[in-house]
Structures are given as structure tokens and as C-alpha cells.
Amino acid sequence: MGFELAFVYNSVHRMSSLVSEWQRLINQHDKPGIQDLLFTVGGPDRSGFVHPADALLFDFMQSDPSADVTERLHLKRVLVHYWATGKILQMYPERRVVSPGISAGFVPAHRPLVQRS
């Protein structure tokens, strides 16, 4: 005999609020002395909790053209790191994949860095 216990945390997100927060964070850091800005999505917060929906919400937000990073005064690059997979995207000055990532799973520490044959 056994049982399963699950805790659900529901939340509602609108595209406009995602894009607004994204742009707010970029604008907040676009100042002298900061050339590269790196965001980590899906990573642990200050309390050590991981919110995997962050990466899904970021992917959703990218589908909106208003989420594009426009001309910056000081930033030379804006990068996004997916904590779960290690994937790295460059969002500015152009969108491109810097690294496809090394992990296929949720916890990178439990995945081999080299594929086994």
C-alpha cells in the first residue's frame, strides 16, 4: 500500500506582463560598466527552490515580437542560460544559439556530460 502526495501551485501569466518584466530587467542593467547581461531561467531562487515553469514562460514570451531586445546604450550582449539543460541563447545584438546544452533532463548533475554508446 502506498500513496502519492502532490502540491500544486497554480499561476496565471499574461504575455504583456512577461514582456514588461523582461524589458524592465534589461533596462535596469543597461548602464555604464555592464557589457554582458546573463539571465538564468529555470534555476534555483535565493531559497534554493527551482521553478521549471520559468523556462516554459520564457519560451512562450519569445514568440512575441515585442520581447525583442532593442538597441542598448551600454550592453553589448544579452544572454539567456537554461539551468535545466545548459542551453545558452544570445538575445542581443542578434538572436542565436550559443550552445545547445549538455543535458536532456531536469537535473544536470545527474546526467553524463558525454554520451555513452
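Against the numbered list (1) outside any strand (DSSP E or B); (2) surrounded by 16 or more Cβ atoms within 10 Å (Cβ to Cβ); (3) touching a residue at least 24 places away in the same chain (Cβ under 8 Å), SER103 comes up short only at (3). Looking only at region 59-75, residues that are within 15 Å of ARG95 (Cβ to Cβ), in contact (Cβ under 8 Å) with a residue 40 or more places away in the chain and surrounded by fewer than 16 Cβ atoms within 10 Å (Cβ to Cβ) come to 2 in all. Scanning region 82-89 turns up at least one residue that is under 26 Å from PRO100 (Cα atoms), surrounded by fewer than 18 Cβ atoms within 10 Å (Cβ to Cβ) and at pLDDT 95 or above. Being open to solvent by 70 Å² or more (accessible area, probe 1.4 Å), among the hydrophobic types (A, V, I, L, M, F, W, C) and part of a loop (DSSP other than H, G, I, E, B) is a condition met by no residue of region 28-42. If only residues of region 17-27 that are aliphatic (A, V, I, L, M) and within 17 Å of HIS81 (Cβ to Cβ) are counted, the one that is surrounded by the most Cβ atoms within 10 Å (Cβ to Cβ) is ILE26.
The values are calculated or read from the model by the stated rules, or taken from the named source; none is laboratory data. Since the model is a prediction, treat every value here as computed from it, not as a measurement. Because the Cβ atoms are built from the backbone with ideal geometry, glycine has one as well, and the counts that use them run over all protein chains shown. For accessibility, only protein heavy atoms count, side chains too; no ligands or nucleic acids. Shrake-Rupley method; radii C 1.70, N 1.55, O 1.52, S 1.80 Å.
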